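Peer 1: Please find one structure pasted underneath; my questions will follow.
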Amino acid sequence: MSAPATPSSSSSSSPSSASPSSRPAVTEREARQVAEDARQRDWRRPSFAKELFLGRFRLDLIHPHPLPDDEASRRGEAFLAQLRDFCETRIDGAAIERDARIPDDVITGLKELGAFGMKIDTRYGGLGLTQVYYNKALALVGSANPAIGALLSAHQSIGVPQPLKMFGTQEQKDAFLPRCARTDISAFLLTEPDVGSDPARLATTAVPDGDDYVLDGVKLWTTNGVVADLLVVMARVPRSEGHKGGITAFVVESAAEGVTVEHRNAFMGLRGLENGVTRLHRVRVPAAHRIGPEGAGLKIALTTLNTGRLSLPAMCVGAGKWCLKIAREWSAAREQWGKPVALHEAVGAKISFIAATTFALEAVLDLSSQMADEDRNDIRIEAALAKLYGSEMAWLMADELVQIRGGRGFETAASLAARGERAVPAEQVLRDLRINRIFEGSTEIMHLLIAREAVDAHLSVAGDLIDPEKSLSDKARAGARAGAFYAGWLPKLIAGPGQLPTSYGDFKHEVDLSPHLRYVERTARRLARSTFYAMSRWQGRMETRQGFLGRIVDIGAELFAMSAACVRAELLRSRGEHGREAYQLADAFCRQARLRVEELFGRLWSNTDGLDRTVVKGVLSGTYEWLEHGIVDPSGDGPWIADATPGASTRTNVHRPIR
């Protein structure tokens, strides 16, 4: 597809003549093109998940399960032991929840421990941990308090260290990475009051002025922004002579003149989160602090997130483990009608779901993380699936725990303690986990992002056929390419190893997992056929069928999780580490997942998507406004979206550097 012209912007190189208050006027097609241009389009390495969506079950890409080397494991385990001691002796999660703040001495202690440099190379003063052990550390510290997990994750997964590691110059690495490893906290500034997952409308500007850029704009939901020393800021450089322009990434000192943290946000969960609103007014940033070339900002952000997204499922795994522990202990102690509640089927089914799902989430996380460490597979889809699946399933597990606990699940830990019972923060975990379905790409956006990658092969060969702007000759050439591709691809979707009862026999032991892998193979082909049928039916309108695409992605996520669970079970069996029990958990998970998959397939073609669109139009037009009568609205006054007009700040700077 051809790229449309980029939105016009000031061509002046003088900061005084720029008009940062004029938000770019962007059409739907232009917005989509900006996102498309930021995609990493090439596939230079194999991808298990990409092949899965194409109907090819490449078990050889994940089995035998990859493992870290002995030295990486030794260093990782040594740090985990130190971190566990710190969590048990220095972190008071109840106090953080009560005071809505992580104590400075806790943050200082984490700096001294090296926790802010877990992913930074040892040559810059970091610990140089692998992705596997970084995620284990986040799961551990996040179980002590999720806000601390978010603090460390935002600093290292999307803050200054990761973009510089991947795209920074040697001078930038030498200047900033030692600071990030031990003393400085970093934050990532992309979102604006009127810009979320549609960065084409980004209004913050960076106007070239000699050897500097001058930044103006307002950034919202800046995780770590309240306490950060260094910021990664995404801003739009106007196109001008000698400047390509476009959304560009910069490292900005938070103490620079013109940087003001105007507000510390408060949320339903993660009460210790240092998340704020940051205003940039005529902030001078040296050109040497630009990360990558002009216009590469979104590509840098998306590439950083390919592995950065794994931090959220890491903390979801930690939450799942805690939910299982509490469910086990409580359900054995609490009796109803003459026996522990765990032995009542209605409660037992919930415990089984929590146990099996926790096993599968850890399998997905460890597999994806180890593949990231080995760097021989492209894991952009695997990491996105891990984030999507982990955040959704962790929320369900926490909700089930609250239900198992009953009234005590709804009661706060402080109230439980005050009346003499164990202070179990079940309701807090539910609140804390809720943001993960929004953080770093909402579930809805993740569905679209993964779906775009899943149909990439189809668009590569047939995209011009459904592009209304392409000429007849372009469409003819695309038709020829598509014919050749589908002539070779479609026949392979008819039969495969999943139809042979002897396939995957090395997964057949006291518990037999081979039927589940045969199911994955057959279902991957079924999924690919369904995608092809949908593209044939809707063609260019496919991208508007978000309900259908979301279900396609959810099926793929279940198949990926099933595969990871089986491979992990076999790894544990082969190493003599709870192999029999691991096989039982994998079997339970796969059986549960298969039921969800079949339901999703049924909803691909039998659903209320069309009726839902009709109802939505009626809601927006006021047709059903009568249904809202009979209530009072407790909302306060004010605009739906705060004014983000650039200019000097009129508020007190609440920036709170920790030293």
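The values are calculated or read from the model by the stated rules, or taken from the named source; none is laboratory data. Small disclaimer: the values here were computed from a predicted structure and weren't measured. Neighbour counts run over all protein chains shown; Cβ positions are idealised from the backbone, glycine included. Keep in mind that these areas ignore ligands, DNA and RNA; they rest on the heavy atoms of the full protein, side chains included. Shrake-Rupley method; radii C 1.70, N 1.55, O 1.52, S 1.80 Å.
Peer 1: Those residues that are basic (K, R), more than 26 Å from L549 (Cβ to Cβ) and part of a helix (DSSP H, G or I), I need them from segment 340-392; list them, please.
Peer 2: The one that is basic (K, R), more than 26 Å from L549 (Cβ to Cβ) and part of a helix (DSSP H, G or I): K350.
Peer 1: Oh, and also: Can you tell me which residue within segment 485-511, out of those that are of a type in the set (D, E, K, R), outside any loop (DSSP other than H, G, I, E, B) and touching a residue at least 12 places away in the same chain (Cβ under 8 Å), is farthest from A593 (Cα to Cα)?
Peer 2: Of everything passing the filter in segment 485-511, K492 is farthest from A593 (Cα to Cα).
Peer 1: Suppose the filter is without any contact (Cβ under 8 Å) to a residue 60 or more places away in the chain, hydroxyl-bearing (S, T, Y) and open to solvent by less than 60 Å² (accessible area, probe 1.4 Å); does Y133 pass it?
Peer 2: no
Peer 1: Suppose we filter L273, L298, L305 for residues that are within 23 Å of A394 (Cα to Cα), open to solvent by less than 40 Å² (accessible area, probe 1.4 Å) and either part of a helix (DSSP H, G or I) or β-branched (V, I, T) (or both); which single one remains?
Peer 2: Just one listed residue meets the conditions, L305.
Peer 1: Among the candidates A372, A327, A363, which residue alone is buried (at least 18 other Cβ atoms within 10 Å of the Cβ) and under 16 Å from M315 (Cα atoms)?
Peer 2: None of the other options fit; the residue is A363.
Peer 1: Another question, then. Have a look at D554, D609 and point out the one that is closer than 27 Å to K387 by Cβ, open to solvent by less than 40 Å² (accessible area, probe 1.4 Å) and out of contact with any strand residue (DSSP E or B) (no Cβ under 9 Å at 6 or more places or on another chain).
Peer 2: Among D554, D609, only D609 is closer than 27 Å to K387 by Cβ, open to solvent by less than 40 Å² (accessible area, probe 1.4 Å) and out of contact with any strand residue (DSSP E or B) (no Cβ under 9 Å at 6 or more places or on another chain).
Peer 1: Still on this structure, I have one more. Give segment 167-181 a look and list any residue that's surrounded by 15 or more Cβ atoms within 10 Å (Cβ to Cβ) and either without any contact (Cβ under 8 Å) to a residue 24 or more places away in the chain or part of a helix (DSSP H, G or I) (or both), or say none.
Peer 2: F167, Q172, K173, A175, F176, L177, P178, R179, C180, A181
Peer 1: Still on this structure: Go through segment 182-231 and give me each residue that's touching a strand residue (DSSP E or B) at 6+ places or on another chain (Cβ under 7 Å), farther than 17 Å from V283 by Cα, part of a loop (DSSP other than H, G, I, E, B) and open to solvent by 10 Å² or more (accessible area, probe 1.4 Å).
Peer 2: Answer for segment 182-231, where residues must be touching a strand residue (DSSP E or B) at 6+ places or on another chain (Cβ under 7 Å), farther than 17 Å from V283 by Cα, part of a loop (DSSP other than H, G, I, E, B) and open to solvent by 10 Å² or more (accessible area, probe 1.4 Å): T191, P193.
Peer 1: Let me ask another. Quick test for you: out of F116, F79, pick the one residue that is of a type outside the set (K, R), over 30 Å from R575 (Cα atoms) and open to solvent by less than 80 Å² (accessible area, probe 1.4 Å).
Peer 2: Sole residue among the options that is of a type outside the set (K, R), over 30 Å from R575 (Cα atoms) and open to solvent by less than 80 Å² (accessible area, probe 1.4 Å): F116.
Peer 1: Condition test on S143, is it closer than 27 Å to L67 by Cα, open to solvent by 20 Å² or more (accessible area, probe 1.4 Å) and either over 18 Å from the mean Cα position of the chain (by Cα) or at pLDDT below 95 (or both)?
Peer 2: Against the criterion (closer than 27 Å to L67 by Cα, open to solvent by 20 Å² or more (accessible area, probe 1.4 Å) and either over 18 Å from the mean Cα position of the chain (by Cα) or at pLDDT below 95 (or both)), S143 qualifies.
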